[in-house]
Structures are given as structure tokens and as C-alpha cells.
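The values are calculated or read from the model by the stated rules, or taken from the named source; none is laboratory data. What you see is a predicted model; the values in this text were computed from it and never measured. Glycine gets a Cβ as well: all are built from the backbone with ideal geometry, and neighbour counts include every protein chain shown.
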Amino acid sequence: MAVEKFIIARNDQVYECFPHMCRLQSGRIMLTYRESNGHVASEFNRLIVRHSDDAGHTWSERYVLRDEDRSNGPMNTWNGPKIQQLKDGRILLTCDTYLFPPGEWGERVANCHIVMWFSDDEGRTWSEPMHTSVKGICPDQVTEMPDGRWLLPSNVRSHQTDLIVQNISTSRDGGQTWEAPYAIFDSSDHELDEASIVLLPSGELVIYLREDLGRPLQKMISKDGGLTWEGPYDTLNPAAIGMPIAGLTQDGLILITARFGLQCNWRVDMSEETWQQRIARRTIVVPKVPNNDEMIARIQPGPSILETDDEIVIGAGGSSVHTFAFIEPIESALSGERSDQKGLLLPLDLDANNLGADSGYTGWVEYERGKFIVANYINDDAPLAQIRGYRFSLEDF
């Protein structure tokens, strides 16, 4: 059957983005996402939690966990939330945060850190925020290891290569304290970030990683509980420009949702008038403050850039964005040779919005065996990004 598409959240005055989902032991589906004025929250932002008790057909009212704006100076920005149920039954919501200005770029993203909240009543109430020592942006959800360790990936900028790298931080006391992070791969040949870890039944770890230098989705493999990693290896999955969300299905397959976009800034309509309309949306705003000097130096002038005395505004929508689901068997996930890998790719959506295509950060759950719901943010037919749902089955691949 065709992939079923439906609206989860749409407010044409708000940029709703970066959703993530989990399914509780009770069957309830938890959803978190961010509301803001753009892809970069430069004016306001809210961290939202909702739930569904009927496999995503209806959703609860918004629970606003955090509500921030710039009325009193620099704003606490909440960026890429993740939600999961821990082995002990509690719900854990993890999110990176930083002040705007400077934004996520300041001090090589070292000004960003990870915050956690806990709920022990299926999301009705939440603990006070627990600020951690983990630095970086775009965290994965926590991977709970059999020996009790928590592994938490996050992105920072390498002092060695000036490229984004993937750090992993480890906690041995349920997130209260964290050991010094380590980069799993730091080389000028790759730019690996925005990772998703899968713990396999046989004990190996596979980490899937965004790759910003033109390769397909990358992966690395650990056979010693995350202490060392082999790779990186090419996968068959082309959806590498954006954060992959990977997990095991009840049938023992690995499902990954992610986005793909051509690495160019070209549309059929490249007129100055259209670029001014894209810029006017203020989707990406970089403040001109000292902590952002390195970021600003990397921005090349062009029709997509508006520079003022105080900020640089980058016009988004200069390419179309695809969202895919991909499945592969475990033996494929554990192979570093592309010739030994196998998989299937299912197109979910296309954001061709000429003024602001932006999509493909996702979350998914298996609500029945072989049946899945994906939450995705997408502009498409909306003036600002909306949260759209997709329902499909294994038989749709």
C-alpha cells in the first residue's frame, strides 16, 4: 500500500521542527519537537512534548516544557530533543542547549551542552532540568549498555581539522556524572557527525553517521562496548545529509530514517527577487559576535547571504530535500564491504518548497509488529515548517 501521510502539528505562525518519538511499554507514543521562528531559533523557541494513545491517529495537547524568547537579552535555545523510555521505566528527554547569541557556533560549539529531564508518570509531569557536562549539539538518545554504562554521542568542532566530529561521552551513574569525551574518528578525509547508535542482540554496536563531504551514510562498528571503533565504512544508504535515526525492528531488521539533499545551492528560479524572499524568512541567522568569528569567516558572499552590521542571514531553500526510510538485515549492518551489504529504500516525502525547503530530521516507532510511524518536519505546502506523520509497513519496501 502507499505511504499514508498526515499532519501531526501545523501552526502557520510557528516553525515546528526536529521531532523525535518513542513507544512506551504501555503502548503510548511520546513525541517531542521544537517550536521557533526558523531553523535557527533567533527570536523565540519552545520545547514541546505530546503523546498518542491510538497509534498516532490523535495527539494530546502541547505540553510546553520550556518557553524562551529574547525579551530579556540572550535567549536559552533548545535545539534537537530526543525522547526514550529507560530500562527502569522512566522517560528520559535529552536536548542540547546554548545561548543565542552567539548561537550553536560559538567556541566551536563548546558553548553548547546537554540537558536531561525525567518523567516517571508517562509524561504527565517532568523533573527539574539536569544540566550535564556533555558538550556539543544534536545528541543521540542514550544507549544503555548491559554493564550499566550510558553512551551519549554529540557533535563538536575538531581543533585538529576544523571539521565537525562525533564525540561519545560515558556515564556510569545514570547521567549524574560524565567521563571525558572521545572522538570516534577525527580526520580531514571525513566530516562525521549527527550519529545514531544501535546495540545489536549479539552485543556489537553500529553507529550510523551523517557525512558532509559527499559520501553516502557512514557507519562504524564496535565489538568492545564502544571503547574502540572500526571504520568508517560506506553504506548503501544515500540519505546522509541530516541526522539518521536508527533502531531495531521486532523482525530483527535495522530501520533508519534520514534525509537526502544534493550538495549544491541551485534552483530553477535563481532570481534576485526570489533569493530576497528566501532571506526575508530569516530561517538561518548568525549573530556577528566575537565567539562566531570562525563561523563567519567560513561564510562565502553570494545571493543567498545578507550581511548587516549585527548579523548574517542565510536564505534557506536553495535545494530540494528528500526524506527516506531504509532497512537492512543485521549481517549487512556488520559488514564493512559494500558488496556484502543489502537493503531497501522507501521514499517518504519531498520538500520542494521554493522559498524554504527544509526537512528530514525524524523520529519513528514500531507501533505493531512490522508497522511504523515516522514523524518528520517539512515546509512543503506550509509557510513555516510543520510536523508531518507517515504510516507504512514492511511490505511497503
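Annotation for the stretch 80-91: no member residue is touching a Lys or Arg at 6+ places or on another chain (Cβ under 6 Å), in contact (Cβ under 8 Å) with a residue 24 or more places away in the chain, polar (S, T, N, Q) and surrounded by 17 or more Cβ atoms within 10 Å (Cβ to Cβ). Taken over the stretch 248-262, the criterion of being in a strand (DSSP E or B) and either in contact with a strand residue (DSSP E or B) (Cβ under 6 Å, 6 or more places away or on another chain) or farther than 12 Å from LEU345 by Cα (or both) is satisfied by LEU248, LEU253, ILE254, LEU255, ILE256, THR257, ARG259, PHE260.
If the condition is being among the charged types (D, E, K, R), at pLDDT below 95 and surrounded by 13 or more Cβ atoms within 10 Å (Cβ to Cβ), then the stretch 294-311 contributes only GLU294. Taking the stretch 302-338 as the range and being under 18 Å from LEU384 (Cα atoms) and either more than 24 Å from the chain's Cα centre (by Cα) or in contact (Cβ under 8 Å) with a residue 60 or more places away in the chain (or both) as the test, the residues that pass are ALA316, GLY317, VAL321, HIS322, THR323. Restricting the stretch 44-69 to residues that are buried (at least 17 other Cβ atoms within 10 Å of the Cβ) and more than 20 Å from the chain's Cα centre (by Cα), the residue that is farthest from ARG391 (Cα to Cα) is GLU68. Selection within the stretch 204-220: residues that are assigned to a loop (DSSP other than H, G, I, E, B) and charged (D, E, K, R). The member of this set that is nearest to the chain's Cα centre (by Cα) is ASP212. Just wondering, is there one or more residues in the stretch 384-394 that are within 26 Å of SER271 (Cα to Cα) and in contact (Cβ under 8 Å) with a residue 40 or more places away in the chain? Checked against the condition, which is being within 26 Å of SER271 (Cα to Cα) and in contact (Cβ under 8 Å) with a residue 40 or more places away in the chain, the stretch 384-394 yields at least one hit.
Which members of the stretch 313-340 meet the condition of being of a type outside the set (Lys, Arg), farther than 18 Å from GLY247 by Cβ and either buried (at least 20 other Cβ atoms within 10 Å of the Cβ) or touching a strand residue (DSSP E or B) at 6+ places or on another chain (Cβ under 6 Å) (or both)? VAL313, ILE314, GLY315, ALA316, GLY317, GLY318, VAL321, HIS322, GLY336, listed by residue number. Within the bounds of the stretch 197-204, is there any residue that is out of contact with any helix residue (DSSP H, G or I) (no Cβ under 7 Å at 6 or more places or on another chain), crowded, with 21+ Cβ neighbours inside 10 Å and at pLDDT 95 or above? Looking through the stretch 197-204, at least one residue is out of contact with any helix residue (DSSP H, G or I) (no Cβ under 7 Å at 6 or more places or on another chain), crowded, with 21+ Cβ neighbours inside 10 Å and at pLDDT 95 or above.
The set of residues from the stretch 206-221 being surrounded by fewer than 21 Cβ atoms within 10 Å (Cβ to Cβ) and touching a residue at least 40 places away in the same chain (Cβ under 8 Å) comprises ASP212, GLY214, ILE221. Residues in the stretch 350-379 that are more than 19 Å from the chain's Cα centre (by Cα) and within 21 Å of THR32 (Cα to Cα) were compared, and the one that is surrounded by the fewest Cβ atoms within 10 Å (Cβ to Cβ) is GLU368. For ASP224, the test of being surrounded by fewer than 18 Cβ atoms within 10 Å (Cβ to Cβ), without any contact (Cβ under 8 Å) to a residue 24 or more places away in the chain and over 14 Å from the mean Cα position of the chain (by Cα) is passed.
Across the stretch 116-140, the qualifying residues are those that are touching a Lys or Arg at 6+ places or on another chain (Cβ under 7 Å) and farther than 13 Å from ARG90 by Cβ, and the one among them that is surrounded by the fewest Cβ atoms within 10 Å (Cβ to Cβ) is ASP140. Which residues, taken from the stretch 227-250, are of a type in the set (Gly, Ala, Ser) and free of Cβ contacts under 8 Å to residues at least 40 places away in the same chain? ALA240 - this is the single residue of the stretch 227-250 that is of a type in the set (Gly, Ala, Ser) and free of Cβ contacts under 8 Å to residues at least 40 places away in the same chain.
Is it the case that some residue within the stretch 169-181 is of a type in the set (Lys, Arg), touching a residue at least 12 places away in the same chain (Cβ under 8 Å) and over 23 Å from LEU253 (Cα atoms)? Taking every residue of the stretch 169-181 in turn, at least one turns out to be of a type in the set (Lys, Arg), touching a residue at least 12 places away in the same chain (Cβ under 8 Å) and over 23 Å from LEU253 (Cα atoms).
For the stretch 15-43, the set of residues classified as assigned to a strand (DSSP E or B), charged (D, E, K, R) and more than 18 Å from GLN386 (Cα to Cα) consists of ARG23 only.
Within the bounds of the stretch 45-62, is there any residue that is free of Cβ contacts under 8 Å to residues at least 40 places away in the same chain, of a type in the set (Ser, Thr, Tyr), touching a His at 6+ places or on another chain (Cβ under 7 Å) and over 24 Å from LEU248 (Cα atoms)? So far as the stretch 45-62 goes, yes, one or more of its residues are free of Cβ contacts under 8 Å to residues at least 40 places away in the same chain, of a type in the set (Ser, Thr, Tyr), touching a His at 6+ places or on another chain (Cβ under 7 Å) and over 24 Å from LEU248 (Cα atoms).
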